[in-house]
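Colleague: Sharing a structure here in structure tokens format.
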Amino acid sequence: MIKHIFSDMDGTLLQSDCKLSESNAQVIRDSQIPFTLVSARSPMEMTEAIAKLELTEPQIAFNGGLIFQEVANEIKVLKEDSINLQSVQAILNVIVKNFPDVSYSLYDMSHWYIEKMDKGAKYEAELGGQTPTLTDFVSLLKQDDTEIYKIMLISFDLQEMKTLTEKLKHLELPDVSINQSSENYLEVTSNLAQKSRGIKFIQELEHLNKADMAAFGDGYNDLSMLEMVGTPIVMDNALEGVRAYGKHITKSNDEDGVAYGIQKFLL
């Protein structure tokens, strides 16, 4: 019997328009199985889904860089791992110098920062419904209390995305993790921010065995999560190579694949 379900959000739980369908929400609520969102998103981008699903369990943001619970509409931090600011600056230097068309932005716990409202920022704002904060990154990174949990990079050119990923990995920064969450999104977090580490934290907290856990995912940043659980379920719309990590393949995110997977494989 499954005692805890973990699920990615974008491309998995959410439809292509970034909305949570009522069908998915109803099945998750009715299952009465503890449910944790495991996302590259920030907490502020997860609160709507948390409320709709009526979740009280720990949630995992920034690919594992922040584990938190919502308590009385406040974020209670359980574990956090931010990015070394020198590494943030090194990555930004590469982007500005070599990739002028790539959209770049930074996240702390409660803000999405941009230096300019470019094509990528407009796309993300329309898709996710969040409003970015326009700021000077040089000044931001000089502040003593600045904590950056994620660098988000957006490119609509697939070859540029491939070149960008290779370039950043060649920097060989030991303290960062670089993951492509979809064709157009590349996300940089702390090397300690792995979805698997977030699941391990909750597994130990709730004294769960591997067989007690199931997970839904579609992207490369979901692989460590899928390997952590006894019942890994992959979306029909998963990126190339991800399907091999699934014990089961469910329907696509636009066909309520999470709801279908819970009903067919978990209940």
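Colleague: Go through the range 246-267 and give me each residue that's in a loop (DSSP other than H, G, I, E, B) and within 17 Å of Pro34 (Cα to Cα).
Modeller: Correct list: Leu267 only.
Colleague: Looking at the range 65-84, which of the residues that are in contact with a strand residue (DSSP E or B) (Cβ under 7 Å, 6 or more places away or on another chain) and aliphatic (A, V, I, L, M) is surrounded by the fewest Cβ atoms within 10 Å (Cβ to Cβ)?
Modeller: Kept after step one, since they are in contact with a strand residue (DSSP E or B) (Cβ under 7 Å, 6 or more places away or on another chain), are these residues of the range 65-84: 65-69, 75-83.
Applying the additional criterion that residues be aliphatic (A, V, I, L, M) yields 66-67, 75, 77-78, 83.
On the way: Leu66: 27, Ile67: 25, Ile75: 17, Val77: 11, Leu78: 16, Ile83: 27.
Checking each candidate, the answer is Val77.
Colleague: May I pose another question? Just checking, which of Leu168, Leu140 is touching a residue at least 40 places away in the same chain (Cβ under 8 Å) and hydrophobic (A, V, I, L, M, F, W, C)?
Modeller: Leu168
Colleague: Continuing with the same structure: Among the residues of the range 97-117, which ones are under 22 Å from the mean Cα position of the chain (by Cα), of a type outside the set (Val, Ile, Thr) and open to solvent by less than 60 Å² (accessible area, probe 1.4 Å)?
Modeller: Ser103, Tyr104, Ser105, Leu106, Tyr107, Asp108, Met109, Trp112, Tyr113
Colleague: Among the residues of the range 9-30, are any surrounded by 16 or more Cβ atoms within 10 Å (Cβ to Cβ), within 12 Å of the chain's Cα centre (by Cα), assigned to a helix (DSSP H, G or I) and hydrophobic (A, V, I, L, M, F, W, C)?
Modeller: Yes, the range 9-30 has at least one match.
Colleague: Just checking, does the range 133-142 include any residue being in contact with a strand residue (DSSP E or B) (Cβ under 7 Å, 6 or more places away or on another chain) and under 23 Å from Ala49 (Cα atoms)?
Modeller: Scanning the range 133-142 turns up at least one residue that is in contact with a strand residue (DSSP E or B) (Cβ under 7 Å, 6 or more places away or on another chain) and under 23 Å from Ala49 (Cα atoms).
Colleague: Quick one: which strands (runs of 3 or more DSSP E) sit completely within the range 37-135 and have at least 2 residues that are of a type in the set (S, T, N, Q)?
Modeller: On the way: elements: 59-61, 66-71, 74-80, 103-107, 112-114.
It comes to 103-107.
Colleague: Let me spell it out: the conditions are (1) among the hydrophobic types (A, V, I, L, M, F, W, C); (2) open to solvent by 50 Å² or more (accessible area, probe 1.4 Å); (3) in contact with a helix residue (DSSP H, G or I) (Cβ under 7 Å, 6 or more places away or on another chain), and Val94 meets all of them except one. Which number is the exception?
Modeller: Only one criterion in (1) among the hydrophobic types (A, V, I, L, M, F, W, C); (2) open to solvent by 50 Å² or more (accessible area, probe 1.4 Å); (3) in contact with a helix residue (DSSP H, G or I) (Cβ under 7 Å, 6 or more places away or on another chain) is unmet by Val94, namely (2).
Colleague: Check whether at least one residue in the range 129-150 is on the phi > 0 side of the Ramachandran plot and either under 23 Å from the mean Cα position of the chain (by Cα) or of a type in the set (A, V, I, L, M, F, W, C) (or both), and report yes or no.
Modeller: In the first step, residues of the range 129-150 are kept if they are on the phi > 0 side of the Ramachandran plot; the result is 129.
Of the ones still in play, those that are also either under 23 Å from the mean Cα position of the chain (by Cα) or of a type in the set (A, V, I, L, M, F, W, C) (or both) are 129.
Within the range 129-150 (the criterion being on the phi > 0 side of the Ramachandran plot and either under 23 Å from the mean Cα position of the chain (by Cα) or of a type in the set (A, V, I, L, M, F, W, C) (or both)), the answer is yes, since at least one residue qualifies.
Colleague: Quick check: anything in the range 203-221 modelled with pLDDT of 95 or more, under 17 Å from the mean Cα position of the chain (by Cα), within 30 Å of Asp157 (Cβ to Cβ) and of a type in the set (A, V, I, L, M, F, W, C)?
Modeller: Yes, the range 203-221 contains a residue that is modelled with pLDDT of 95 or more, under 17 Å from the mean Cα position of the chain (by Cα), within 30 Å of Asp157 (Cβ to Cβ) and of a type in the set (A, V, I, L, M, F, W, C).
Colleague: If you scan the range 25-48, which residues turn out to be out of contact with any helix residue (DSSP H, G or I) (no Cβ under 9 Å at 6 or more places or on another chain) and touching a residue at least 24 places away in the same chain (Cβ under 8 Å)?
Modeller: Met44, Glu48
Colleague: While we're looking at this one, here's another question. Would you pick out the residues in the range 246-267 that are more than 18 Å from Asp212 (Cβ to Cβ), open to solvent by 60 Å² or more (accessible area, probe 1.4 Å) and in contact (Cβ under 8 Å) with a residue 60 or more places away in the chain?
Modeller: Hits for the range 246-267 are Asp254, Gln263.
Colleague: Report, by residue number, each residue of the range 125-141 that is surrounded by 12 or more Cβ atoms within 10 Å (Cβ to Cβ) and either under 23 Å from Glu70 (Cβ atoms) or of a type in the set (A, V, I, L, M, F, W, C) (or both).
Modeller: Those that are surrounded by 12 or more Cβ atoms within 10 Å (Cβ to Cβ) and either under 23 Å from Glu70 (Cβ atoms) or of a type in the set (A, V, I, L, M, F, W, C) (or both): Ala125, Leu127, Gly128, Gln130, Pro132, Thr133, Phe137, Leu140, Leu141.
Colleague: Can you tell me which residue among Ile67, Ile114 is at pLDDT 95 or above and farther than 27 Å from Asp136 by Cβ?
Modeller: Matching residue, one of Ile67, Ile114: Ile67.
The values are calculated or read from the model by the stated rules, or taken from the named source; none is laboratory data. Model, not experiment: these values are computed from the prediction. FYI the Cβ positions are ideal-geometry reconstructions off the backbone, even for glycines, and counts take in every protein chain you see. What goes into the accessible areas is simple: the full protein's heavy atoms, side chains included, and nothing from ligands, DNA or RNA. Shrake-Rupley method; radii C 1.70, N 1.55, O 1.52, S 1.80 Å.
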